[in-house]
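Asker: Here's a structure for you.
The values are calculated or read from the model by the stated rules, or taken from the named source; none is laboratory data. Worth saying up front: this structure is predicted, and the values here are computed from it rather than measured. Cβ placement follows ideal geometry from the backbone for every residue including glycine, while neighbour counts extend to all protein chains displayed.
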Amino acid sequence: MNSYESLLKWNGHTHTNFCRHGSPAPMEAYLEEALKHGFERYTISEHPPLPAGWIPDEPLMRELAMREEELPGYMEAALGVKRRYEGRLDIRVGLELDYLEGNTGYSERLLEQTEGRLDDLLVSVHYLRGRGGMRSIDYTPQDFRDNLLSYYGSMEAVVGAYFDQVEQAVEWAGSLSCGKRLGHVNLIRKFQTALPAMDPGQLDERLRKLVPALKRYGIGLDVNTAGFRVPTCGEAYVPGWLLAVCREEGIPFVFGSDAHKPEDVGSGWEWFARTVRTEANA
Ligand SMILES: [Zn+2]
Ligand SMILES: [Zn+2]
């Protein structure tokens with residue numbers, strides 16, 4: 001990836017009113033915000049449906065993703081704005097696919113329903129096996145303690161299990177056709193200040209180990225800045241040094257604000273641009 005590509009003003013990770021834990025604002029409100037901030041390219045990457053009973057917490061389950069019957073409406077809406085904004089904003093229609101351990105066939109069937117109309121995919125790990133079944137890693141610090149930390153017994157074990165999932169996600173993503181990036185690779189740090197400390201050496205080692213796999217499978221990186229907006233995180237979900245490594249290895253990376261409301265569309269861009277200049281062009 002050349003320096004133009006990475007500094008192309010592209011927001012590669014955003015949500016919409018099809019998300020149950022985000023703003024009900026229409027897609028146009030996000031897109032107008034993107035134009036206001038001078039974005040040239042914009043990926044709409046909603047959470048697709050999840051298999052019934054994917055996590056044991058039913059009320060939370062309803063908040064996580066759209067229902068299966070809503071997927072065609074989402075595709076129509078996203079394709080509609082893509083057409084209407086043509087010439088003003090290069091819109092990529094996408095999804096933020098979850099890596100569903102043991103159930104990747106579910107996601108593959110969803111992709112078939114989109115009939116080749118997707119431009120861009122994010123593959124993210126939001127779930128980890130824990131107490132009573134699969135658990136969200138990013139719900140609340142208390143939920144993390146009760147259902148993951150107590151299940152694995154130490155942060156080291158949770159972090160290890162998380163990166164094992166990320167490695168599997170990268171391998172699975174390699175089998176998907178169309179552009180794809182690994183979503184917020186350090187999401188496990190969302191509640192870092194509210195949980196026992198993580199070992200920085202372990203994190204660095206696991207992140208470094210991903211690089212050859214990203215390269216081999218042709219997966220880019222979502223340089224996700226949502227962590228800056230989370231008081232218990234305070235950092236991007238990708239460390240700056242990893243951008244320098246990606247640059248060296250030719251792994252594409254794209255800014256992603258992970259906006260769940262229009263006001264967050266441009267959030268974190270300045271950090272990204274500065275980091276690209278200082279780290280990745282050093
Ligand atoms: Zn979301
Ligand atoms: Zn996500």
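Asker: For a quick check of your reading of the model, give me the residue pairs whose first member lies in segment 219-232 and is without any contact (Cβ under 8 Å) to a residue 24 or more places away in the chain, whose second is within 15 Å of ligand 2 (Cβ to nearest atom) and not small (Gly, Ala, Ser), with beta-carbon atoms closer than 6 Å and at least 6 apart or on different chains.
Answerer: none
Asker: Which numbered condition in (1) over 17 Å from the mean Cα position of the chain (by Cα); (2) part of a helix (DSSP H, G or I); (3) modelled with pLDDT of 95 or more is the only one that residue 167 fails?
Answerer: (1)
Asker: While we're looking at this one, here's another question. Conditions: (1) farther than 15 Å from residue 173 by Cβ; (2) within 16 Å of ligand 1 (Cβ to nearest atom); (3) in contact with a Pro (Cβ under 8 Å, 6 or more places away or on another chain). Residue 138 meets all but one. Number of the miss?
Answerer: (3)
Asker: With (1) away from ligand 1 (no atom under 16 Å from the Cβ); (2) part of a helix (DSSP H, G or I); (3) in contact (Cβ under 8 Å) with a residue 12 or more places away in the chain as the list, and residue 112 as the residue in question, which single condition is left unmet?
Answerer: Condition not satisfied by residue 112: (3).
Asker: So which residues in segment 125-151 are small (Gly, Ala, Ser), surrounded by fewer than 22 Cβ atoms within 10 Å (Cβ to Cβ) and free of Cβ contacts under 8 Å to residues at least 24 places away in the same chain, if there are any at all?
Answerer: 150
Asker: Can we say residue 63 is more than 16 Å from ligand 2 (Cβ to nearest atom) and either surrounded by fewer than 19 Cβ atoms within 10 Å (Cβ to Cβ) or under 30 Å from residue 148 (Cβ atoms) (or both)?
Answerer: No: the conditions fail for residue 63.
Asker: I need the full set of residues from segment 194-224 which are surrounded by 14 or more Cβ atoms within 10 Å (Cβ to Cβ) and either modelled with pLDDT under 95 or in a helix (DSSP H, G or I) (or both), in order please.
Answerer: Listed by number, the residues that qualify are 194, 202, 203, 206, 207, 210, 211, 213, 214, 217.
Asker: If you check every pair at least six apart or on different chains, which have Cβ atoms under 9 Å apart with a residue in segment 49-64 that is without any contact (Cβ under 8 Å) to a residue 40 or more places away in the chain first and a residue that is hydrophobic (A, V, I, L, M, F, W, C) and loosely packed, with under 11 Cβ neighbours inside 10 Å second?
Answerer: Pairs found: 61/52.
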